[in-house]
Amino acid sequence: MATLGFWVLVGLATLTGLGTAWALGANSNSPPFAPAIGANAISTMRAAFLIGILAALGALTQGGSISETVGSGLIAGEPITSLAATAGLLTATAFMAFGVYSGYPVPAAFATTGAMVGVGLSLGGAPVYDTYREILLFWVLVPPVSGGLAYLTATLLRRDDIPETVSVPALAAVVSGIVANVQLSVIPAAPGETQASLAGFLGRFVTTPAVAGLELDVLAATLLAALGGFAFIRRRTLDSIDRGVKTFLVALGSVVAFSSGGSQVGLATGPLENLYRVELGLPGVALLAIGASGILAGAWMGAPRLLQATSREYAQLGIRRSIAALVPGFVIAQVAIALGIPISFNNIIISGVIGGGLAAGSTGVSRRKIGVTLTFWVLTLGTSVGIGFGLYRVLATALGVT
């Protein structure tokens, strides 16, 4: 029978996880709608409401893979206890709070990953170097890939020989095609699977041969979704370019906010994976629901203030650079979710903003700011490991935990 001390630690760990999810909802999920607000396509309060709903839905339907990586994929041999989870979450939240109040770019994924490695090592666990290499490689590739995609997107939108009645719908087609292949837990899956995509689900109703490894039914459903997205935004831009671009900004912000919730919730729920799923025997969706609730509350309570500030920044960037920053954000976030790799959404967006700026020349791209940002990313990862290691030892000693 569980002791009172155990339930106290369960409550403390849960509250800490909720606090982390709240901070993520208030801060990390705001950028997707900032360009739409800056373009007067949507009001601040309506954007905050949508961010909360969409990010929470993304957390519930896509957050499981990253939650498992953070909770059990970083350390081998020792499960993360409730006290260790609390120490890791406190460390990560402290880094995020420092970033919010100091204005320095502290990536939540770096802080959480480092903190959980630190507490895991402090527990006596063994490093999982293969996982570390995969995560670090992905993180290293994010800036050039995000910046490169943003550069290409901004270049497309700036070309005089391609009207916006073609370029913007073309981007909508790409986004729609990817959305059709996003794996979700709410779509009926094939036997033995837990998630399915809309294209895969529709493809199961038609039997077609595979060509060069591609399933023609899934490809047809993807093309159909892409054509639908193209036609809808094309019709809007033909009626009014301004209205069409604003519609695409709101739609793009919606799918990016959804992806942000799916990629960020695992940073709050991952440390609690062993506690909830093994020690308490609860299904994974129960833990994701806790994280989704925290993200929802954070978005509704904290996002409006940050949205007003960031929307002014995006208004200065212009609509084209804003779109160019968000498109790679959506693509990279979905790839990370599919691979179960924790990521910093701000890392992607900052890289995208820089790439979009380079398409217009070097104006507005500060080398010093890039250097400071990279420095803080490295410092966050390194120091969070040490602080997580030490904080668990301090708490364990104070509470007499061996």
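Results for (1) at pLDDT 85 or above; (2) assigned to a helix (DSSP H, G or I); (3) open to solvent by less than 40 Å² (accessible area, probe 1.4 Å), shown as yes or no for each residue.
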{"residue": "Ala21", "(1), (2), (3)": "yes, yes, yes"}
{"residue": "Phe49", "(1), (2), (3)": "yes, yes, no"}
{"residue": "Gly52", "(1), (2), (3)": "yes, yes, yes"}
{"residue": "Leu57", "(1), (2), (3)": "yes, yes, no"}
{"residue": "Val70", "(1), (2), (3)": "yes, yes, yes"}
{"residue": "Pro79", "(1), (2), (3)": "yes, no, no"}
{"residue": "Leu90", "(1), (2), (3)": "yes, yes, no"}
{"residue": "Ala94", "(1), (2), (3)": "yes, yes, no"}
{"residue": "Gly114", "(1), (2), (3)": "yes, yes, yes"}
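For segment 116-131: of the residues being among the hydrophobic types (A, V, I, L, M, F, W, C) and part of a helix (DSSP H, G or I), which is surrounded by the most Cβ atoms within 10 Å (Cβ to Cβ)? In this case the residue turns out to be Val119. The residues of segment 59-68 that are crowded, with 24+ Cβ neighbours inside 10 Å and assigned to a helix (DSSP H, G or I), listed by number, are Ala59, Gln62, Gly64, Ile66, Ser67. Would you confirm whether or not segment 187-199 contains a residue that is free of Cβ contacts under 8 Å to residues at least 40 places away in the same chain and assigned to a helix (DSSP H, G or I)? Within segment 187-199, one or more residues are free of Cβ contacts under 8 Å to residues at least 40 places away in the same chain and assigned to a helix (DSSP H, G or I).
The set of residues in segment 174-186 being open to solvent by less than 80 Å² (accessible area, probe 1.4 Å) and assigned to a loop (DSSP other than H, G, I, E, B) consists of Ala180, Asn181, Val182, Ser185. Give Gln334, Gln316 a once-over and let me know the one that is polar (S, T, N, Q), at pLDDT 80 or above and either within 17 Å of Arg158 (Cα to Cα) or part of a helix (DSSP H, G or I) (or both). Within the list Gln334, Gln316, the selection yields Gln334.
Name the residue, out of Arg277, Arg236, Arg321, that is at pLDDT 85 or above, crowded, with 21+ Cβ neighbours inside 10 Å, in a helix (DSSP H, G or I) and charged (D, E, K, R).
Details: Arg277 fails: crowded, with 21+ Cβ neighbours inside 10 Å; Arg321 fails: at pLDDT 85 or above.
Testing whether each residue is at pLDDT 85 or above, crowded, with 21+ Cβ neighbours inside 10 Å, in a helix (DSSP H, G or I) and charged (D, E, K, R) leaves just Arg236.
If you check Gly261, Gly270, Gly253, Gly228 for being over 19 Å from Pro31 (Cβ atoms), surrounded by 22 or more Cβ atoms within 10 Å (Cβ to Cβ) and in contact (Cβ under 8 Å) with a residue 24 or more places away in the chain, only one passes: Gly270.
If you scan segment 23-43, which residues turn out to be among the aliphatic types (A, V, I, L, M) and open to solvent by less than 10 Å² (accessible area, probe 1.4 Å)? Once the filter is applied, which keeps residues that are among the aliphatic types (A, V, I, L, M) and open to solvent by less than 10 Å² (accessible area, probe 1.4 Å), segment 23-43 yields Leu24, Ala26, Ala34, Ala36.
Scan Leu136, Leu156 and give me the residue that is crowded, with 17+ Cβ neighbours inside 10 Å and free of Cβ contacts under 8 Å to residues at least 40 places away in the same chain.
Leu156 is the lone residue from the list that is crowded, with 17+ Cβ neighbours inside 10 Å and free of Cβ contacts under 8 Å to residues at least 40 places away in the same chain.
The single residue among Leu249, Leu224 that is among the aliphatic types (A, V, I, L, M), in a helix (DSSP H, G or I), at pLDDT below 90 and touching a Leu at 6+ places or on another chain (Cβ under 9 Å) turns out to be Leu249.
When every residue of segment 120-132 is checked against the conditions, at least one turns out to be touching a Leu at 6+ places or on another chain (Cβ under 9 Å) and among the aromatic types (Phe, Trp, Tyr). Pairing residues of segment 61-75 that are within 15 Å of Thr194 (Cβ to Cβ) with residues that are in a helix (DSSP H, G or I) and β-branched (Val, Ile, Thr), at Cβ distances under 7 Å and at least 6 apart in sequence or on separate chains, gives Gln62/Ile337; Gly63/Val265; Gly63/Thr269; Ser65/Ile337; Ile66/Ile337; Ser67/Val265; Ser67/Thr269.
The values are calculated or read from the model by the stated rules, or taken from the named source; none is laboratory data. Nothing here was measured: the structure is a model prediction, and the numbers come from that model. Quick reminder, even Gly has a Cβ in these numbers, built from the backbone with ideal geometry, and neighbours come from all protein chains shown. These accessible areas exclude ligands, DNA and RNA; they are computed on the full protein's heavy atoms, side chains included. Shrake-Rupley method; radii C 1.70, N 1.55, O 1.52, S 1.80 Å.
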